[in-house]
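First comes the structure, then the notes that go with it.
The values are calculated or read from the model by the stated rules, or taken from the named source; none is laboratory data. What you see is a predicted model, and the numbers here were worked out from it, not measured in a lab. Using ideal geometry, Cβ is built from the backbone for each residue, glycine included, and neighbour counts are taken over all protein chains shown.
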Amino acid sequence: MFKKYRLILFLLIINLLSACGFHLQGAFKAPSSMELTYVATNNQYSAFYRELRLQLLSAGVKLSDSPADATAILNIHSDQTSQRVLSVSARNVPTEYEVFYTINYSLNSGQYELIPRQTLTLTRDYIYNSTLVLGKEREEELIRDAITKDLVRVVLKQISTL
C-alpha cells in the first residue's frame, strides 16, 4: 500500500514539474547556420578561446580554418581577464580581491548578424590571506577557470536560442 502512495506522489511531482515548464538542461545544439564555423580571435592562446573551441567541437560543430569557407563566423573582438583589490586592512594590506573576465563577441552568418556585438563580464571575489600565498594563488587560478567555463556556457546558451 505504501509503495502505491509513493508511486502516486512521484508521478504527481513529475507532472507538476513538467507543468511549470521545468526541463533539464541538455547539451548544446548549434543552429544549422553554424554547421561550419570559423572562430576569429586576436589571441588563440586565451583560456576562453581554448574552452570555446573544445565545447564547440564536443557539440559536433565543424571548425573551419578559413573564414571564406565558413557558414558562420564567431568573432571574439576582445578577451581580457584580470583582478583588482576590493578591500584593504587597517595596515593598507589587500584582504579581498575580485577576479573578472570580460569578452566582447558577435556571430555572423553570411550577410546576417545573428548575435550583435556585445560584452559579457563575469566576476568572482575571494578573501586574500598573506600567510597562505600559494593556496590563494591556486584559488585564483581555479576561480579564473570557473569563470572561463561559465562565460563559454553563457555564449553557447545564447547561440543555442537562435
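Tabulated values for the structure
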item	result
Filter result for Asn104 (in contact with a Lys or Arg (Cβ under 8 Å, 6 or more places away or on another chain) and within 20 Å of Tyr49 (Cβ to Cβ))	yes
Residue count, segment 130-153 (criterion: surrounded by 12 or more Cβ atoms within 10 Å (Cβ to Cβ) and either closer than 19 Å to Arg53 by Cα or basic (Lys, Arg) (or both))	11
Members of segment 55-77 found to be farther than 13 Å from Met34 by Cβ and of a type in the set (Ser, Thr, Tyr), listed by number	Ser58, Ser66
Residue within segment 88-108 that is among the aliphatic types (A, V, I, L, M), closer than 30 Å to Leu36 by Cβ and touching a residue at least 12 places away in the same chain (Cβ under 8 Å) present	yes
Residues of segment 74-83 classified as modelled with pLDDT of 95 or more and either farther than 26 Å from Glu141 by Cα or of a type in the set (Val, Ile, Thr) (or both), total	2
Options Gly60, Gly21: the member that is at positive phi, modelled with pLDDT under 90, part of a loop (DSSP other than H, G, I, E, B) and under 18 Å from the mean Cα position of the chain (by Cα)	Gly60
Top-ranked residue in segment 98-129 [being farther than 25 Å from Tyr45 by Cα and either aromatic (Phe, Trp, Tyr) or surrounded by fewer than 16 Cβ atoms within 10 Å (Cβ to Cβ) (or both); ranked as modelled with the lowest pLDDT]	Asn129
Output for segment 87-97, where each listed residue is surrounded by fewer than 18 Cβ atoms within 10 Å (Cβ to Cβ) and not hydrophobic (A, V, I, L, M, F, W, C)	Ser87, Ser89, Arg91, Asn92, Pro94, Thr95, Glu96
